Amino acid sequence: MKRKIFLGLLGVVIVAVAISITAYMILAKPDPKIDEASVKTMYVKSEKVNITESVSSMLYRGRVTAYDNVSLSAEVSGKILLGDVRFKAGENFRKGQILVKIYNEDIIAALKSGKSGLLQTVSLILPDIMIDYPKQYDKWSGFFSNIDPEKPLPPLPEIVTEKERVFLASNNVLTNYYNLQQQEINLKRYTIKAPFNGFFKTVNKEIGAVASPGSELANIIRSDKLEIVVPVFPGDMKWIREGDEVKVTDNNGLQLTAKISRIAGFVEESTQSVNVYLTYIPKANQTLLEGEYVDVEFHGAEISGFIIPREAILEGSSVYEITDNKLIKTPVDIIRQLDDKVIINGIDTTKTIVIESLASVNPAVNYIPRP
């Protein structure tokens, strides 16, 4: 029994001595020297800050629309008749041409009948005017001579005295005249003329169909004056002015010139951009089509700054500066954003900054600038 206890204690002592010797050897071992040659280095594309003056144009994409887009609606009822041009989608027309007519022969006949009645009324009161208002006779006689059922009503003579007005009203001259004048106005609603040069975009009724008041007959768009809608980032709006000329390039590479006609005073919620509207007057062989997309180049203002690739910008407004082969994040002022570059300022010209995108940054790595 005593022998077993002795052997157990001896084992514990041996293990304790072994642990003590091992710990002493570890602590007594000198620290390894760092091999300077083994420190990792990385070459990064960089450039020394160089502030220059530059005029940077702003390139955007715009969409061509019609300057005028009009819906033709009937104001009266009647059968639709052919005008000066075919009533078909895509058909061209000139300003002043009759686009559509609505049957009005009954209205014309009623108007002629009314004018004949007015002739009769005036003829009956001319003898009384000669006796009671001799000074006014010539003007009313001339008015009577100018009334022609086939022509528009002549202007009503000026009524000088209240007594003369009462006399005309009591004989229904004024009532008949103004009723006929209203009929002439209504007659114009039976003919729709082109307000500009253009073409039918859509046609909703056929020739021979019956139109009712308020029904949409067709949609027309203007062809001799176009508009280009360009969504622009709010940050670029300070360089855009109403009345400025801009370059427009169509899909075939044809370069045209348009003018800024107006600028929206709000930001579109869906695109977070401001719409700029350009006016373009087509010339021979230099036309654009509604719905076409074009490239629009705005002339930028002179800017003082340093141009770097957009990928070099960190978190929206910082760059990496190289100091003693280490990368330091430095805030900058972004003056303008271009397509794939930005113009920055607010950084010392003695600094060297990284002009490429880095996946990660390791503080233990030496970063060496390279052009």
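The values are calculated or read from the model by the stated rules, or taken from the named source; none is laboratory data. Predicted, not measured: the structure shown is a model, and the values here were computed from it. Cβ atoms come from the backbone with ideal geometry, glycine included; neighbour counts cover every protein chain shown. Please note that ligands, DNA and RNA were not included when accessible areas were found on the heavy atoms of the full protein model with its side chains. Shrake-Rupley method; radii C 1.70, N 1.55, O 1.52, S 1.80 Å.
Bridge orientation summary for the chain: considering DSSP beta bridges with both residues in this region, about 95 percent are antiparallel. Modelled spin labels at residue 292 and residue 345, positioned 7 Å past Cα toward Cβ, are 3.9 nm from each other.
Extension gain for residue 151-residue 304 works out to 47.9 nm (0.36 nm per residue, less the C-alpha to C-alpha distance). Taking 18 Å as the cut-off, the amide N atoms of segment 158-196 that come nearer than this to a point 7 Å along the Cα-to-beta-carbon line of residue 126 belong to 158, 168, 171-174, 177.
On full extension, the segment bounded by residue 337 and residue 207 gains 41.3 nm, given 0.36 nm per residue less the C-alpha separation.
With the cut-off at under 13 Å, measuring from each backbone N in segment 114-134 to a point 7 Å along the Cα-to-Cβ line of residue 171 picks out 118-134.
Taking every full run of DSSP H in the chain, the ones that stretch at least 27 Å from end to end by Cα along their long axis and average 0.5 or higher on the Kyte-Doolittle scale are 2-28, 105-132.
Taking DSSP loops as anything outside H, G, I, E and B, show the longest stretch in the chain free of trypsin sites (Lys or Arg not before Pro) there with at most 13 other beta carbons within 10 Å. Intermediate values should be presented prior to the final figure.
Working: sites that count: 33, 40, 88, 94, 95, 241.
Here the longest segment lacking exposed loop sites spans 96-240.
Is there a pair in 238/259; 48/326; 101/225; 101/151 whose C-alpha atoms are over 24 Å apart, and which pairs would that be?
Violating the 24 Å Cα-Cα cut-off are 101/225.
The relative contact order of segment 251-371 comes to 19 percent, based on Cα pairs under 8 Å that sit 6 or more residues apart.
Just the accessible area per residue of the chain, please: how many Å² with a 1.4 Å probe?
61
Could you work out the relative contact order of the chain, using alpha carbon pairs under 8 angstrom and six or more residues apart, expressed as a whole percent?
Across the chain, relative contact order equals 27 percent.
The simple spin-label model puts a point 7 Å past each Cα toward its Cβ; for residue 259 and residue 42 those points are separated by 5.5 nm.
Using a 1.4 Å probe over the heavy atoms of the protein chains, calculate the carbon and sulfur portion of the accessible area of the chain as a whole percent.
53
For the peptides 362-371, 311-320, residues were scored by their other Cβ atoms within 10 Å and the scores averaged per peptide; the highest-first order is 311-320, 362-371.
With contacts defined as alpha carbon pairs under 8 Å and 6 or more residues apart, what's the relative contact order of segment 311-356 in percent?
Reported as a whole number, the value is 39 percent.
Does segment 210-297 classify as rounded, prolate or oblate by the C-alpha gyration tensor (a ≥ b ≥ c root eigenvalues; a/c under 1.5 gives rounded; else a/b over b/c gives prolate, otherwise oblate)? Judged from the Cα gyration tensor, segment 210-297 comes out oblate (a/c at least 1.5, b/c at or above a/b). Given +1 at the Cβ of Lys and Arg, -1 at the Cβ of Asp and Glu and no other charges, the dipole of segment 223-371 around its Cα centre is 380 debye to the nearest 20.
For segment 357-369, backbone phi angles converted through the Karplus equation (6.51, -1.76, 1.60; θ = phi - 60°) give residue-by-residue couplings of 8, 10, 5, 7, 10, 10, x, 7, 9, 8, 9, 9, x Hz, Gly and Pro being listed as x.
Which distance in Å, rounded to a whole number, links the C-alpha centroids of segment 239-311 and segment 99-159? Result: 58 Å between the Cα centres. Fully extending the segment from residue 57 to residue 98 would add 10.2 nm, taking 0.36 nm per residue of separation and subtracting the current Cα-Cα distance.
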